[in-house]
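Colleague: Starting off with a structure, shown below.
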Amino acid sequence: MIDVLYFAWVRERIGLPRERVETGAATVADLVAELRAREERYAAAFADTSALRVALDQELSGFDAPLAGVREVAFFPPMTGG
Amino acid sequence: MIDVLYFAWVRERIGLPRERVETGAATVADLVAELRAREERYAAAFADTSALRVALDQELSGFDAPLAGVREVAFFPPMTGG
Amino acid sequence: MRIRVQAEPFDPGGEVAAFSAAVRGAGAVVTFSGLVRDEGGRLTGMEIEHYPGMTEKAIGAIVDEAVARWALVDALVIHRHGRLRPGDAIMMVATAAGHRGEAFAAAEFLMDYLKSRAPFWKKELGAEGSEWVAAKDADEAALKRW
Amino acid sequence: MRIRVQAEPFDPGGEVAAFSAAVRGAGAVVTFSGLVRDEGGRLTGMEIEHYPGMTEKAIGAIVDEAVARWALVDALVIHRHGRLRPGDAIMMVATAAGHRGEAFAAAEFLMDYLKSRAPFWKKELGAEGSEWVAAKDADEAALKRW
C-alpha cells in the first residue's frame, strides 16, 4: 500500500487530492502505467508525463526511480511558487 | 575667478574645503599645474592625478577638459559611497 | 534563519524592520517581496496550493544551501498559501551578509529556487474564470546560473 | 521616485514598509540596506563626507536611468552623510517593478553606481585613528556589467 498525492491540475483532473493504492509497481513509471489503465480521468492526467513532476517521500525524483520502501508518491505540474 | 572645491583627503591635505582662484588656465590640467606650483601641500595633494577625480560644475569630467565657462571645479578621490 | 509557510497575510515592511533590527555584524541586507498583480483589473485574486510537509523541507534545504554558500549572517523566507487578493504579499525573502554581493546573490538564488523547486502552484482567479499559472522556461533556465 | 540625502538617521524597516504600501501594480519589490560594520570591535563609527548639490544631481541621474531602463513602477534612494555609529543604516535603495528580474537588476545597478559615481567619501573611525576608505577595483569593475 502506498499513499498517492495529486496537486494543482493533476488533482483537479483526477478529482481527488490523495488515495491509498495497492500496487506491486517496481518504479514510478510502472505505477503511472497502472494508474493510466484505470479510468479515463487518470489517462488524461498522465497523458504527458513530461509535463509532470514526481516526489517520493517528499523529495523530487524521476519517473524511472524505484518504489521499494517508498510510502508517499506525489504527482504535480512544475512548481510556480515565489 | 573660479570656485575650487576639495573633498576627503584632498581637502585635508590642502587644508581647506574651498577657495576662489584667479586663473587663466585653459584646461583642468593647466589649473592643476598652477595649484601644484603654489605650495608643498598643493604639490602633495596633486602629486598623482590618476588617484583623483574632477567635477566641472558638478558633473564628472576629465583632466583634459577645457575650463571655459566653468564656475566650479571640484577635486576629490574616487567615490566610496553606498 | 527562519522559514514560515502560512495562510495568514503578513506585512513585508514590518518583517523587514524586524529582520534588520535583529541582524548583528552584517553590512548588507537585501529583501525581495512578491506581490499579487491585478494585471490591469483582469485578475480578482490568486489561489496558492502547496504540499504541506514537503514545502517546509524543500525551503529548508534551499535556505541551508544559501547560508553555507554565501556565509549569510541571517536569512528569512515567508511564503503564503490559500486565497490572496491583488496587492497582497505572496512571499518574501531577506538575506544579511557581510557585503552587498553576497546578500544580492543569495536573495536571487533563493528566489530562483523558490520559483521552481518549492512545491507551490499558483492559480489566477479572474472574472472570466480561473487558470493555473504555467511554469516559465525562463524560470527553469534561471537555475542554471547557480 | 524619491531621493533623500540626509544627516539624520533613518529606519530601513519603516522606509520599506512605506515604500511597499505605496506601490501600485508592481509584482516585485527589492530593497537593499547598507549598515555600518564594527569589524569585530575595531571600528567605533564612520564619517561620510559628500558634495552638496552634486550628490542630489548625480543620484537623480542614476535613478532616472534605472527607472527608464527597467520600467520601474517606483524607486527610492536614501543616503546619509556625517557621523554614523556601528549598526546604523548608511543608505538604502528600493525598486518596484513588474517582475523580479527587473527589480533585482535595477537595485544592483543603483548600488553599483552609488558606490562609484555618487560623490560620497567614507572615513572609518577607530580607537587607533581614522582612515579614508579606499575605492575598490572590484567596485569600478562592477560598473562594466551594465
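Colleague: Given (1) facing chain D (nearest Cβ under 9 Å); (2) free of Cβ contacts under 8 Å to residues at least 24 places away in the same chain; (3) more than 30 Å from C:A127 (Cα to Cα), where does C:V30 come up short, assuming only one miss?
Modeller: Here C:V30 meets the rest and fails (2).
Conditions (1) within 30 Å of C:E124 (Cβ to Cβ); (2) touching a residue at least 12 places away in the same chain (Cβ under 8 Å); (3) surrounded by 15 or more Cβ atoms within 10 Å (Cβ to Cβ); (4) in contact with an Asp or Glu (Cβ under 8 Å, 6 or more places away or on another chain), marked per residue:
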residue	(1), (2), (3), (4)
A:T27	no, yes, yes, yes
A:L35	yes, yes, yes, no
A:D48	yes, no, no, no
A:P78	yes, yes, yes, yes
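Colleague: Follow-up. Tell me which strands (runs of 3 or more DSSP E) are completely within the stretch D:59-146 and hold 1 or more residues being in contact with a helix residue (DSSP H, G or I) (Cβ under 7 Å, 6 or more places away or on another chain), surrounded by fewer than 24 Cβ atoms within 10 Å (Cβ to Cβ) and facing another protein chain (nearest Cβ under 9 Å), or say none if there are none. Break it down into steps so the answer makes sense when it comes.
Modeller: Numbers: elements: D:74-80, D:82-84, D:89-97, D:120-126, D:129-132.
Of the strands (runs of 3 or more DSSP E) lying wholly inside the stretch D:59-146, those with at least 1 residues that are in contact with a helix residue (DSSP H, G or I) (Cβ under 7 Å, 6 or more places away or on another chain), surrounded by fewer than 24 Cβ atoms within 10 Å (Cβ to Cβ) and facing another protein chain (nearest Cβ under 9 Å) span D:89-97, D:129-132.
Colleague: Please count how many residues of the stretch C:4-24 are farther than 17 Å from C:I48 by Cα and surrounded by 16 or more Cβ atoms within 10 Å (Cβ to Cβ). I'd like the intermediate steps shown before the answer.
Modeller: If we filter the stretch C:4-24 for residues that are farther than 17 Å from C:I48 by Cα, which is where we start, we get C:11-24.
Next, only the ones that are surrounded by 16 or more Cβ atoms within 10 Å (Cβ to Cβ) stay: C:12-13, C:15-17, C:19-20, C:23.
Final tally of qualifying residues: 8.
Colleague: Kindly indicate which of C:I3, C:I48 is in contact with an Asp or Glu (Cβ under 9 Å, 6 or more places away or on another chain), more than 7 Å from chain D (Cβ to nearest Cβ) and assigned to a strand (DSSP E or B). It would help to see each step written out before you state the result.
Modeller: On the way: C:I48 fails: in contact with an Asp or Glu (Cβ under 9 Å, 6 or more places away or on another chain).
Result: C:I3 is the single residue among C:I3, C:I48 that is in contact with an Asp or Glu (Cβ under 9 Å, 6 or more places away or on another chain), more than 7 Å from chain D (Cβ to nearest Cβ) and assigned to a strand (DSSP E or B).
Colleague: Sticking with this structure for a sec: Going through the stretch A:18-49 one residue at a time, which ones are among the polar types (S, T, N, Q) and in a helix (DSSP H, G or I)? Break it down into steps so the answer makes sense when it comes.
Modeller: Of the stretch A:18-49, the ones among the polar types (S, T, N, Q) are A:23, A:27, A:49.
Hit for the stretch A:18-49 is A:T49, nothing else.
Colleague: Another question about this same structure. Please verify whether the stretch B:5-17 includes one or more residues that are in a strand (DSSP E or B), touching a strand residue (DSSP E or B) at 6+ places or on another chain (Cβ under 9 Å) and touching a residue at least 60 places away in the same chain (Cβ under 8 Å).
Modeller: Of the residues in the stretch B:5-17, the ones in a strand (DSSP E or B) are B:5-6.
From the residues that got through so far, the ones that are touching a strand residue (DSSP E or B) at 6+ places or on another chain (Cβ under 9 Å) too are B:5-6.
The next check asks that each one be touching a residue at least 60 places away in the same chain (Cβ under 8 Å); those that pass are B:5-6.
Within the stretch B:5-17, one or more residues are in a strand (DSSP E or B), touching a strand residue (DSSP E or B) at 6+ places or on another chain (Cβ under 9 Å) and touching a residue at least 60 places away in the same chain (Cβ under 8 Å).
Colleague: Would you check if there is a residue in the stretch D:87-98 being within 17 Å of the chain's Cα centre (by Cα) and of a type in the set (S, T, N, Q)?
Modeller: To start, the set of residues in the stretch D:87-98 that are within 17 Å of the chain's Cα centre (by Cα) comprises D:87-96.
Remaining after also requiring of a type in the set (S, T, N, Q): D:95.
Looking for residues that are within 17 Å of the chain's Cα centre (by Cα) and of a type in the set (S, T, N, Q), one finds at least one in the stretch D:87-98, hence yes.
Colleague: Looking only at the stretch B:1-52, how many residues end up being within 14 Å of chain D (Cβ to nearest Cβ) and among the small types (G, A, S)?
Modeller: 4
Colleague: Another question, then. Within the stretch C:89-125, which residues are out of contact with any Gly (no Cβ under 9 Å at 6 or more places or on another chain) and among the small types (G, A, S)?
Modeller: Within the stretch C:89-125, C:A94, C:G101, C:A105, C:A106, C:A107 meet the criteria.
Bear in mind these aren't lab numbers, they're just calculated from the coordinates by the rules spelled out. Quick caveat: nothing in here was measured; it's all calculated off a predicted structure. Glycine also receives a Cβ, built like all others from the backbone with ideal geometry; neighbour counts cover every protein chain displayed.
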